[in-house]
Amino acid sequence: MKTPIVVHTEEDYERAQQRVAELNAMPDSSEKDKELQAIADAMLAFELRRDEPED
């Protein structure tokens, strides 16, 4: 089983951006598309958590 992609910190976010750049340089494949979607979902979740007002 593959490890889920999670983004918890700004550093994780930067690494995810670097991985997206690496993937975009690769030939298209279904695996590439799946990984790009997983990264996009993780980055969006991080952005939403970061933007939530603190109680």
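For log10 I(q)/I(0) by the Debye sum over Cα atoms at q = 0.16, 0.20, 0.28 Å⁻¹, pick the label among [x] -0.39, -0.63, -1.28; [y] -0.48, -0.66, -1.10; [z] -0.51, -0.73, -1.15 that corresponds to the value derived from the coordinates.
Checked against the structure: label [z].
I'd like the Karplus ³J(HN,Hα) series for the range 5-10: coefficients 6.51, -1.76, 1.60, θ = phi - 60°, whole numbers in Hz, and an x wherever there's a Gly or Pro.
Once rounded to whole Hz, the list reads 8, 10, 10, 10, 10, 4.
Counting other C-beta atoms within 10 Å, and keeping those with at most 15, which DSSP coil trypsin sites (Lys or Arg not before Pro) do you find in the chain?
On the way: sites: K2, R15, R19, K32, K34, R49, R50; in loops: K2.
The qualifying sites are K2.
For the chain, modelled as a GNM with alpha-carbon contacts under 10 angstrom, which of A38, A16, A25 fluctuates the most?
Highest fluctuation among the options: A25.
Leaving out ligands and nucleic acids, note down the accessible area per residue over the chain with a 1.4 angstrom probe, in whole Å².
Values: 4540 Å² over 55 residues.
Computed with neighbouring chains in place, this is 82 Å² per residue.
I'd like the Karplus ³J(HN,Hα) series for the range 37-48: coefficients 6.51, -1.76, 1.60, θ = phi - 60°, whole numbers in Hz, and an x wherever there's a Gly or Pro.
So the J values, rounded to whole Hz, are 5, 5, 5, 4, 5, 5, 5, 5, 4, 4, 4, 5.
Of the heavy-atom accessible surface of the chain (probe 1.4 angstrom), what whole percent is carbon and sulfur? Provide the component values of the computation, followed by the final result.
On the way: 2410 of 4540 Å².
Taking all protein chains in place, the chain shows 53 percent carbon and sulfur surface.
The values are calculated or read from the model by the stated rules, or taken from the named source; none is laboratory data. All values reported here derive from a predicted model rather than from experimental measurement. Neighbour counts run over all protein chains shown; Cβ positions are idealised from the backbone, glycine included. To get the accessible areas, we keep the full protein, side chains included, count just its heavy atoms, and leave off ligands, DNA and RNA. Shrake-Rupley method; radii C 1.70, N 1.55, O 1.52, S 1.80 Å.
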